[in-house]
Amino acid sequence: MLSKIFPAHYDDVYRGHKFALVLLVFITIFNTIMWYQSVFNTYYAAAEADNIPLASYPADAALQIISIFAKLGNVHFIFIVLSVLALIRYRSMISLVFLLQIWEYVTRLAINNHLHDTPWVSLPGDLAQAIVQSLFYAMLLGFALSLWHRDRSASPS
């Protein structure tokens, strides 16, 4: 399994299930939307999508929160670039891209759980949370499918 995540060299050879590619395209599109909202529509992303009552904070504090959202939006951009590179040129990197995205989500969840004493697993409270949770489950499924070795010899010629 480790050789599928960390092959000797990254190339255009992909041995996983093709549906993992579809999931990565889907996740990349949503990461692009989240990146755009976080960087170019930051106030809306913080106040509406993440339900932070920015109007109730002092102006300096609200500006700091908006600044952090814009900076964290760049994390999405890194995943977008890695995903596009994996989809277009380095397909053997797809398992690693899924693993990195899963790692980012789980560590973010762990930080929220530690700082805010939130449950690890919960039902989404709104549409934004439902989308993010669905993307996480799509990442898990995509990762598992990317590790699935297709038997090319069984396919009809």
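For segment 1-27, name all the residues that are among the β-branched types (Val, Ile, Thr) and either open to solvent by 50 Å² or more (accessible area, probe 1.4 Å) or under 14 Å from ILE131 (Cβ atoms) (or both).
So in segment 1-27, the residues among the β-branched types (Val, Ile, Thr) come out as 5, 13, 22, 25, 27.
Residues satisfying the conditions are VAL13, VAL22, VAL25, ILE27.
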*How many residues are open to solvent by 50 Å² or more (accessible area, probe 1.4 Å) and touching a helix residue (DSSP H, G or I) at 6+ places or on another chain (Cβ under 8 Å) if we restrict to segment 59-71?*
0
*Conditions (1) under 17 Å from PHE26 (Cβ atoms); (2) without any contact (Cβ under 8 Å) to a residue 40 or more places away in the chain; (3) open to solvent by less than 80 Å² (accessible area, probe 1.4 Å): number failed by ILE88*: (3)
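Can you confirm whether ASN74 is in contact (Cβ under 8 Å) with a residue 60 or more places away in the chain, surrounded by fewer than 17 Cβ atoms within 10 Å (Cβ to Cβ) and polar (S, T, N, Q)? Break it down into steps so the answer makes sense when it comes.
Numbers: in contact (Cβ under 8 Å) with a residue 60 or more places away in the chain: no; surrounded by fewer than 17 Cβ atoms within 10 Å (Cβ to Cβ): yes; polar (S, T, N, Q): yes.
Criteria not met by ASN74.
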*State yes or no: is LEU96 open to solvent by 70 Å² or more (accessible area, probe 1.4 Å), in a helix (DSSP H, G or I), within 23 Å of MET139 (Cβ to Cβ) and at pLDDT 90 or above?*
no
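The values are calculated or read from the model by the stated rules, or taken from the named source; none is laboratory data. Only a predicted model underlies this, so the values are computations on that prediction, with no experimental measurement involved. All Cβ positions, glycine included, derive from the backbone under ideal geometry; neighbour counts span all protein chains shown. To get the accessible areas, we keep the full protein, side chains included, count just its heavy atoms, and leave off ligands, DNA and RNA. Shrake-Rupley method; radii C 1.70, N 1.55, O 1.52, S 1.80 Å.
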